[in-house]
Amino acid sequence: MRSTFKKMALAAVLGASVSGYAFAQESVEVLHWWTSGGEAAAVGVLKEDLQKQGVSWQDMPVAGGGGEAATTALKARVASGNPPTAAQLLGMAVNEWSEEGLLGDLTPVATKEGWDKVVPGAIKAFAVHDGKWEAVPVNIHRPNWLWINAKVFKDNGLQPPTNWDEFNTVAEKLKAKGIVALAHGGQPWQDTTIFDDVVLGLGGPDFYRKAILQLDETALGSDTMVKVFDQMRKIRGFVDPNFSGRDWNLATGMVLKGEAAMQLMGDWAKGEIVKAGLKPGVDILCVTAPGTEGSFLFNTDFFAMFPVGKDKVDAQNKLATSVMSPSFQEAFNLVKGSIPARTDVSGTKFDACGQKSMADLKTAEAAGTLLGSLAHGHAEPSGIQRAMFDVVTQHFNSDMSSKDAVAALIKSVNAAK
Ligand code: BGC
């Protein structure tokens, strides 16, 4: 597969550079999965920014939260020798495409603009390979948030839960009143977004590191992991009967409309809140997922450049420069729900949730509790991630016991290694 990708992509380079002389034109075709209301608004910010520099934007959106469908589409485009100019990638995917030797080198731009000094080390680790900048970070998302409809909580005399026991108590009370406690979309990446929260919330940051980042078999097979699956089973009882296959933004919409009380989701949900004209931190509360205060799960959206011909390199560099500019990082992330991927952007324009995210990022970086998200491609290579998704989702949608789930997790992880 590897060499096929390479051959096809190189054929594309040759083809494009011949035709490129005839149609020298500044445009970029960008493959991404930002198709919800809030996400599309954020794409609009990027498109406008580029247009100001004379680069036109050819949209290649592939619907599907978390980027699974987009990943498949990107692989097909590259395999057929027709890669896009740039693509949205999560951290581990940057590593994987880098190993294919297909990503454009952004080091000259990065050096000129001093990216090294402003991008946090944890993000840089995914963008820089063998000393070369091969991807440009657009944002820092935090998946371990709990979003709460403030009115539903107030009307029912509830306080935001700070650990999983409190969460269960609150959710039981809501359920007893016939209110959907948790809005959820039953898709593997959404199930695993919750799983990440439960592993971190019940086990703490050291346990998350051992089990998820190091795949330590003792941690994976521990009583704590059994308790994690017990909690997942409880959560399954708090979602409505129509959760299966629901898109994440529709689940967010349920919380915004007061049709459900809470959602465990990354801060792209904040993009939907802002788009709906509601106030994050006021109408919809943001609290860290139960038990995870002090830790920061992260994922970053990167853009990486694919080989589409020498005549496109200038436009690719302009895209990279645009994305890394402090003004763009501010404008884009205000709409997207995330925070800037550079440390020198002021938080003054951000709402309470964004400011908390910025402050928590610094604290977590200093404490060693800034941890890559499994659900969002910053913990394990795609094969292992997929194996873990399968077990989490299979358990969530069946009556599999927690002990069996733990055994299946170890077996699948080992088979995927
Ligand atoms: C991406 C976000 C996106 C979310 C839902 C995450 O993996 O990092 O940018 O909004 O998926 O599609």
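With angles folded into 0 to 90 degrees, how steeply does helix 68-79 sit against the dominant principal axis of the chain? Use alpha carbons for both and round to 10.
It is inclined by approximately 20 degrees.
Order the following by accessible area, largest value first: 142, 342. Probe radius 1.4 Å; ligands, DNA and RNA are ignored.
On the way: 142 0, 342 30 Å².
Largest accessible area first, the residues go 342, 142.
At a probe size of 1.4 Å, how large is the accessible area of residue 311, to the nearest 10 Å²?
50 Å²
Under 5 Å between amide H atoms, partner at least 5 residues away or on a different chain: which partners does residue 288 have, H built in plane at 1.01 Å?
146
Specify the angular offset, from 0 to 90 degrees and rounded to the nearest 10, of the alpha carbon long axis of helix 382-396 from the longest principal axis of the alpha carbons in the chain.
30 degrees
Compute the acute angle (0 to 90°) between the alpha-carbon long axis of helix 188-208 and the principal axis of greatest extent of the alpha-carbon atoms of the chain; round to the nearest 10°.
It works out to around 70 degrees.
Round to a whole number: what % of the accessible area of region 73-190 belongs to carbon and sulfur, probe 1.4 Å?
Details: 2320 of 4420 Å².
C and S fraction of accessible area: 52 percent.
Select from region 134-237 those trypsin sites (Lys or Arg not before Pro) which occupy a DSSP coil region and have at most 15 other Cβ atoms within 10 Å, ordered by residue number. If you can, show how the numbers build up before the last one.
Values: sites: 151, 154, 173, 175, 177, 209, 210, 227, 233, 234, 236; in loops: 177.
Passing both the DSSP loop test and the Cβ count: 177.
At a Cα cut-off below 13 Å, give the aspartates and glutamates reachable from residue 257, other chains included and same-chain residues fewer than 8 away excluded.
Excluding near neighbours in sequence, the set is 272, 283.
If ligands, DNA and RNA are left out, what is the accessible area of residue 165 with a 1.4 Å probe, given in Å² to the nearest 10?
Its accessible surface works out to 120 Å², give or take rounding.
Quick check for me: using +1 on Lys/Arg Cβ and -1 on Asp/Glu Cβ, what's the dipole size of the chain about its Cα centre, in debye to the nearest 20? Write down the numbers at each step before the final one.
On the way: 40 positive and 46 negative charges, 55 e Å.
Once rounded to the nearest 20, the dipole reads 260 debye.
So which of 75/312; 154/275; 75/279; 356/417; 75/112; 210/336 end up more than 28 Å apart by C-alpha?
Values: 75/312 20 Å; 154/275 23 Å; 75/279 38 Å; 356/417 37 Å; 75/112 31 Å; 210/336 31 Å.
Beyond 28 Å between Cα atoms: 75/279; 356/417; 75/112; 210/336.
Per residue, how much accessible area does the chain have with a 1.4 Å probe, in Å²? Walk me through the numbers before you get to the answer.
Values: 16280 Å² over 417 residues.
With the other protein chains kept in place, the chain gives 39 Å² per residue.
So what is the 222 nm mean residue ellipticity for the chain from helices alone, if each DSSP H run of at least 4 adds -39500 (n - 2.57) and you divide by all residues, rounding to the nearest 500 deg cm²/dmol?
Values: 19 runs with 219 residues, N = 417.
Result for the chain: -16000 deg cm²/dmol, rounded to the nearest 500.
With every protein chain left in place and a probe of 1.4 Å, what is the accessible surface of residue 365, to the nearest 10 Å²?
Its accessible surface works out to 80 Å², give or take rounding.
Using Cα-Cα distances under 8 Å and only pairs 6 or more residues apart, what relative contact order does the chain have, in percent?
Numbers: 775 pairs, mean separation 114.4, N = 417.
Dividing the mean separation by the residue count of the chain yields 27 percent.
Can you work out the FRET efficiency for the pair residue 366 and residue 113, with r the C-beta to C-beta distance and R0 = 25 Å, to the nearest 0.05? Before the final figure, lay out the partial values.
On the way: r = 26 Å, r/R0 = 1.03.
Working from the Cβ atoms, E equals 0.45.
The values are calculated or read from the model by the stated rules, or taken from the named source; none is laboratory data. Just so you know, these numbers come straight off a predicted model, no measurement behind them. Cβ atoms come from the backbone with ideal geometry, glycine included; neighbour counts cover every protein chain shown. SASA here: full protein model, heavy atoms, side chains in, ligands and nucleic acids out. Shrake-Rupley method; radii C 1.70, N 1.55, O 1.52, S 1.80 Å.
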